[in-house]
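Since every read-out is calculated from the coordinates, none of them should be taken as a lab result. The model shown is predicted, which means the values in this text are computed figures rather than measured ones. Here Cβ is always computed from backbone atoms with ideal geometry, including for glycine, and neighbour counts include all displayed protein chains.
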Amino acid sequence: MSKMNQKEAVYSAITSVLAEVGHPITEGLDVGPIMTKEFRAQVNQILFEGFRSDSIELAKEFTDTELKAYVSGLQSNWIRKDKRLNGNTQYVAKNPGSRAGSSDPQLKNMKALLSTLEVGSDDYNEVKTFIDARISEIASTKAKVMVDFSALPESLRAKFTK
């Protein structure tokens, strides 16, 4: 038996819960306003049981408490992103780039320091300047791509080799 992916599991659980109460889902319906606390709790329970029975794909292990929090976020995520559930609209991140440099320890700690300072103070502005510089530095290192021109077809090699 193959495991269901998380997106399909959320869609299936939501359609099942809403169909039970006589609210059939048609693809492209915006279910956000329909999902009451009770419906969300039922979907979370279905997903939780699916993960625990190993019928839904899961990359890492969670404690029961962690898994309950995970399924709640998972449901919210797919209600926003799955066109079958969000009114057939393209998902757009509210704060694009807000995770820039999130794996950089120096940047993480500067942001933590910034959160302890008073907005607008000289110290705040100084730390903010360092953060902006670090983000630019990280972005510039990612933008550099090395191309092995010898591995390209002759016509492309001739056109792009300078």
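Determine, from the Cβ-Cβ distance of Y91 and A158 and an R0 of 41 Å, the FRET efficiency 1/(1 + (r/R0)^6), rounded to the nearest 0.05. After rounding to 0.05, the efficiency reads 0.50. Report the percentage of all Cα-Cα pairs in the range 7-49 whose separation exceeds 11 Å, rounded to a whole percent. Percent of Cα pairs beyond 11 Å in the range 7-49: 63. Taking the longest Cα principal axis of the chain as reference, the axis of helix 105-115 is set at about 80 degrees. Relative to the Cα centre, the charge distribution of the range 1-89, modelled as +1 at Lys and Arg Cβ and -1 at Asp and Glu Cβ, gives a dipole magnitude of about 260 debye. Mean-square fluctuations from a GNM of the chain, with a 10 angstrom spring cutoff on Cα atoms, peak among L152, L29, L117 at L152. A simple packing score, the average count of other Cβ atoms within 10 Å per residue, orders the peptides 107-113, 74-80 as 74-80, 107-113, with the highest score first.
For the pair K108 and D64, a Förster radius of 25 Å applied to the C-beta separation gives a FRET efficiency near 0.30, rounded to the nearest 0.05. Classified by the C-alpha gyration tensor, the chain has an oblate form. Its axis ratio a/c, with a ≥ b ≥ c, is 1.5 or above, and a/b does not exceed b/c. Using just its DSSP H runs of length 4 or more, each adding -39500 (n - 2.57), the chain gives a mean residue ellipticity at 222 nm of -18000 deg cm²/dmol after division by all residues. Between helix 122-143 and the chain there is an angle of about 90 degrees, using the helix long axis and the longest principal axis of the Cα atoms. Ellipsoid semi-axes for the range 6-81, based on the Cα gyration tensor and the rule √(5λ), read 21, 12, 11 Å when sorted largest first. Computing FRET efficiency as 1/(1 + (r/R0)^6) for D54 and E126, where r is the C-beta to C-beta distance and R0 is 35 Å, gives about 0.10.
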